[in-house]
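The values are calculated or read from the model by the stated rules, or taken from the named source; none is laboratory data. Keep in mind the model is a prediction, meaning the values are calculated, not measured. Quick reminder, even Gly has a Cβ in these numbers, built from the backbone with ideal geometry, and neighbours come from all protein chains shown.
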Amino acid sequence: MIRSVTARTTAAPSVDPLTLRQEFPVFAHNPGLVFLDTAASAQKPRAVIDGLAEFYRRDYANVHRGVYALSERATSRYDGARETVRRFINARDTGEIVFVRGASEGINLVAQSWGSTFLQAGDQVVISSLEHHSNIVPWQMLRERANIELVVAPLDVAGGFDLAGFRDVLSPRTKLVAITHVANVTGHITPVDDIVTLAHAQGAKVLLDGCQAAPRLPVDMQALDCDFYVFSGHKCYGPTGIGVLYAKRSILDDMPPWQGGGDMIETVTFAKTIYQPPPYRFEAGTPDISGAVGLELALNFMESLGRDAILAHETALTEYTQEALNALPGVRVVGGGPRSLGVVSFEVNGVHPHDLATILDRHNVAIRAGHHCAQPLMDQLGLPATARASFGVYSDESDIHALVDAVRTAQTLFGCA
Ligand SMILES: Cc1ncc(COP(=O)(O)O)c(C=O)c1O
């Protein structure tokens, strides 16, 4: 059961992709575009593009430094964005929200600051077979530095998260469990509530990679009770270069800074520096002010549609796509099933995913092909690559019809129809 979702799934208003497309200028500038690569990065609504331009025109200055009105306005927008993020993920306080460049930087921050401070040789970090490279490589780097052990929880037979297998790999030496909330290759929703409960019972902390979840599911830090959560703004209809690390305040309080510079200090002498409390301690230098403002605009845009409505829309489209592709002879959905959201990977007999994506592009259908930054998962699935379609609030069934037609054409071209 997805605790953080079920509480809110009644009487949601619905998302209307056709009307919404008018809010995304990219579709007017690229007539006929069938954009099925939102898992890589979402297109931007007018509210974000225009709102950002307006911020630069009217309210822009550096933050936390000026005593003049313009800087105070910019600071209040920047601080306001942190409050919007807090509300979006239902964190307890804004001190738990650290602005980072994206999910990757958030995970690196945790590995370098918390990991280097609190983990010792022989301690275990448990990840799963479903992880994006961003939730593998930082832990391998920590293994080099601190001699920790990296343990990989297995897949079940359907290519999903194997809860029993996960339970088996936990041990008193497990100090951190770092797992994706929604897998970027298959869209698989991991059983995060059980993961958190089991990990905490072992005394381990939990980091959830919410990169593919935050744009699609209502996420609630207090209900999830995870220790760390990361996501990227650009996948939530916001700008690139901004993302969020959530961490429980008590944990952040004990973490040392990972980068030094302006803004993260209270006082500096040549002998000693006193650091700011969280979150500023982790935000050295001039922050991505406009990124934070853009993220706020994007999260407000999502809230205006309704998070439950987005979830219902993505769920329905995922099911529709799985059925449509599975119904095509010679096409197989990879690791799909009912617990998947927003992302559908598939293979077409006799057509390499890269060739497929190239042919689809000629039909104006943009999909992703490759290993999707999850090479260890590909190895386990015994596949060099997959084709991947992924959805946003502007995607609808007509996009899936275009996808299916273009796949059929590719099959004919390759003589495997
Ligand atoms: C599950 C997952 N984790 C992490 C990342 C990395 O995100 P970013 O490149 O925005 O840091 C991605 C990006 O595709 C992802 O899908």
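Residues that are in a helix (DSSP H, G or I), within 16 Å of the ligand (Cβ to nearest atom) and crowded, with 21+ Cβ neighbours inside 10 Å within the range 108-129 comprise Asn108, Leu109, Val110, Ala111, listed in sequence order.
Taking the listed residues Thr318, Thr358, the one that is in a helix (DSSP H, G or I), within 16 Å of the ligand (Cβ to nearest atom) and at pLDDT 95 or above is Thr318, with no other qualifying.
In this structure, Pro384 qualifies as surrounded by fewer than 21 Cβ atoms within 10 Å (Cβ to Cβ) and more than 16 Å from the ligand (Cβ to nearest atom).
Rundown of residues vs (1) more than 16 Å from the ligand (Cβ to nearest atom); (2) closer than 26 Å to Leu70 by Cβ; (3) surrounded by fewer than 16 Cβ atoms within 10 Å (Cβ to Cβ), yes/no style:
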| residue | (1), (2), (3) |
| --- | --- |
| Asp209 | no, no, no |
| Asp253 | yes, no, yes |
| Tyr275 | yes, no, no |
| Gly294 | no, yes, no |
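Across the range 58-75, which residue is surrounded by the most Cβ atoms within 10 Å (Cβ to Cβ) among those that are in contact with an Asp or Glu (Cβ under 9 Å, 6 or more places away or on another chain) and in a helix (DSSP H, G or I)? Only one residue tops the list, namely Ala74. If you go through the range 240-298 and keep only what is touching a residue at least 60 places away in the same chain (Cβ under 8 Å) and among the β-branched types (Val, Ile, Thr), you end up with Thr240, Ile242, Val244, Ile251, Thr286, Ile289, Val293. Ser171 fulfils the conditions (1) among the polar types (S, T, N, Q); (2) away from the ligand (no atom under 11 Å from the Cβ); (3) under 28 Å from Phe346 (Cα atoms) except for a single criterion, (3).
Scanning the range 237-251 for residues that are closer than 30 Å to Val15 by Cα and surrounded by 24 or more Cβ atoms within 10 Å (Cβ to Cβ) turns up Tyr237, Gly238, Ile242, Gly243, Val244, Leu245, Tyr246. For Glu96, the conditions (1) acidic (Asp, Glu); (2) surrounded by 21 or more Cβ atoms within 10 Å (Cβ to Cβ); (3) in contact with a Ser or Thr (Cβ under 9 Å, 6 or more places away or on another chain) all hold with the exception of (3).
Can you tell me which of (1) within 13 Å of the ligand (Cβ to nearest atom); (2) of a type outside the set (Val, Ile, Thr); (3) over 21 Å from the mean Cα position of the chain (by Cα) is the one Glu105 doesn't meet? Here Glu105 meets the rest and fails (3). Quick check on Ala81: is it crowded, with 18+ Cβ neighbours inside 10 Å, small (Gly, Ala, Ser) and closer than 21 Å to Met264 by Cα? Spelling it out, Ala81 is indeed crowded, with 18+ Cβ neighbours inside 10 Å, small (Gly, Ala, Ser) and closer than 21 Å to Met264 by Cα.
Kindly check whether there is at least one residue in the range 381-391 that is closer than 30 Å to Gln22 by Cα and in contact with a His (Cβ under 7 Å, 6 or more places away or on another chain). Looking through the range 381-391, at least one residue is closer than 30 Å to Gln22 by Cα and in contact with a His (Cβ under 7 Å, 6 or more places away or on another chain). Taking strands (runs of 3 or more DSSP E) as the structural unit, those lying wholly within the range 130-209 and holding at least 3 residues that are touching a residue at least 40 places away in the same chain (Cβ under 8 Å) correspond to 174-180, 205-209. For the range 27-57, taking the residues that are under 13 Å from Phe391 (Cβ atoms) and either β-branched (Val, Ile, Thr) or part of a helix (DSSP H, G or I) (or both), the one that is farthest from the ligand (Cβ to nearest atom) is identified as Val34.
Selection of the range 83-101 for residues being on the phi > 0 side of the Ramachandran plot and either touching a Lys or Arg at 6+ places or on another chain (Cβ under 6 Å) or within 13 Å of the ligand (Cβ to nearest atom) (or both) yields an empty set.
Out of Asp308, Asp288, one residue alone is surrounded by fewer than 24 Cβ atoms within 10 Å (Cβ to Cβ), in contact with a strand residue (DSSP E or B) (Cβ under 9 Å, 6 or more places away or on another chain) and under 30 Å from Tyr78 (Cα atoms). It is Asp288. For the range 15-57, filtered to residues that are exposed (fewer than 13 other Cβ atoms within 10 Å of the Cβ) and of a type in the set (Ser, Thr, Tyr), the residue that is farthest from Val293 (Cα to Cα) is Thr19.
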